[in-house]
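The values are calculated or read from the model by the stated rules, or taken from the named source; none is laboratory data. No experiment lies behind these values; they were computed from the predicted model shown. Note that each Cβ is placed from the backbone with ideal geometry, even for glycine, and that neighbours are counted across all protein chains shown. Surface areas here come from the heavy atoms of the whole protein model, side chains and all, with no ligands, DNA or RNA. Shrake-Rupley method; radii C 1.70, N 1.55, O 1.52, S 1.80 Å.
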Amino acid sequence: MLKEFKEYVNEYDMNNHNIKYRYNHSLRVQKICVALAKMLNLNKEDAEIIKIAGLLHDIGRFEQLKLTNSFSDNEFDHAAYGAMILFKEGLIENFNVNPKYYDILEFAILNHNRFKIMEINDERKIMIAKILRDADKIDIFDAYTYQKIYKITNIDDEVSQDVAIEFKKHESINRKIRKTKADLLISIIAFVFDINYKESFEIINEQKYLDELYNQIENKEKFKEYFDYAKDYIKERIDEYAR
Ligand SMILES: [Fe+2]
């Protein structure tokens with residue numbers, strides 16, 4: 001599967017740092033999925049499915065960059081596009097995946113970037129989709145901190161009122177209401193409100209992503225309350241499950 005994925009991506013310009021980043025992100029999300037599968041004690045089949053989902057979740061990004069020359073999420077839904085080329089156009093057949101997993105994979109990939117997971121009556125599908133969303137967010141935290149892929153250091157504007165209100169309701173921030181650079185920072189911090197598993201909170205806690213992000217910001221004091229809020233939330237979630 002990895003070999004086939006490499007072959008697929010090699011058709012794109014690997015000298016383009018965006019392509020390279022997406023390739024590495026896919027590999028890292030796969031790794032996080034494997035780690036979570038172990039921590040969550042998934043059975044062999046589910047562990048295999050989440051491993052595939054991790055690797056293929058962003059496959060729509062490569063065509064997106066070629067077609068639109070951007071990664072903008074406003075004009076192009078790379079998740080829906082990825083699910084479409086894999087499962088409607090049959091690209092999945094190149095990846096040596098058991099066809100009985102197609103349906104679960106399609107749901108997970110389609111839902112990985114949605115504001116909320118579609119409501120369906122299928123716990124297994126929901127579980128795989130939730131793990132994938134957690135793994136994706138963990139790697140985005142990593143990209144903003146240790147990998148230094150994205151930088152959010154000097155923020156010279158303010159948090160919009162709508163964004164502040166959503167944040168304080170423990171809601172993740174819909175990209176449609178994001179207006180300022182400060183909003184972007186708040187929406188990254190708010191990822192924690194959309195984390196599903198205690199094990200994912202533990203990774204975020206151990207890696208100190210929020211501290212690391214905070215330390216990078218020049219005028220950090222202005223945002224301290226948001227960081228404190230999110231850190232308390234993580235602690236509460238871990239304690240709640242430990243009880
Ligand atoms: Fe994605």
Open item on the list: So, in segment 220-243, exactly how many residues are open to solvent by less than 50 Å² (accessible area, probe 1.4 Å) and touching a residue at least 40 places away in the same chain (Cβ under 8 Å)?
Closed with: 7
Open item on the list: Can you pull out every residue in segment 48-69 that is open to solvent by 30 Å² or more (accessible area, probe 1.4 Å) and farther than 14 Å from Tyr8 by Cβ?
Closed with: Glu48, Lys51, Leu67, Thr68, Asn69
- [ ] Those residues that are over 16 Å from the mean Cα position of the chain (by Cα) and within 16 Å of the ligand (Cβ to nearest atom), I need them from segment 68-82; list them, please.
- [x] Thr68, Ser70, Asn74, Glu75, Phe76, Tyr81
Task: helices (runs of 4 or more DSSP H) within segment 89-186 that include 3 or more residues within 16 Å of the ligand (Cβ to nearest atom) and surrounded by 14 or more Cβ atoms within 10 Å (Cβ to Cβ) - done: 102-111, 123-144
TODO: State whether one or more residues within segment 54-73 are within 21 Å of Asp122 (Cα to Cα), in the same structural domain as Lys38 (by TED's automatic domain parsing), in a helix (DSSP H, G or I) and touching a residue at least 60 places away in the same chain (Cβ under 8 Å).
DONE: yes
- [ ] Please state which one of Ile152, Ile189, Ile109, Ile140 is in contact (Cβ under 8 Å) with a residue 40 or more places away in the chain, of a type outside the set (Ser, Thr, Tyr) and over 22 Å from Tyr209 (Cα atoms).
- [x] Ile109
Open item on the list: Only one of Leu55, Leu65 is within 16 Å of the ligand (Cβ to nearest atom), within 26 Å of Lys176 (Cα to Cα) and either more than 19 Å from the chain's Cα centre (by Cα) or not polar (S, T, N, Q) (or both). Can you tell me which?
Closed with: Leu65
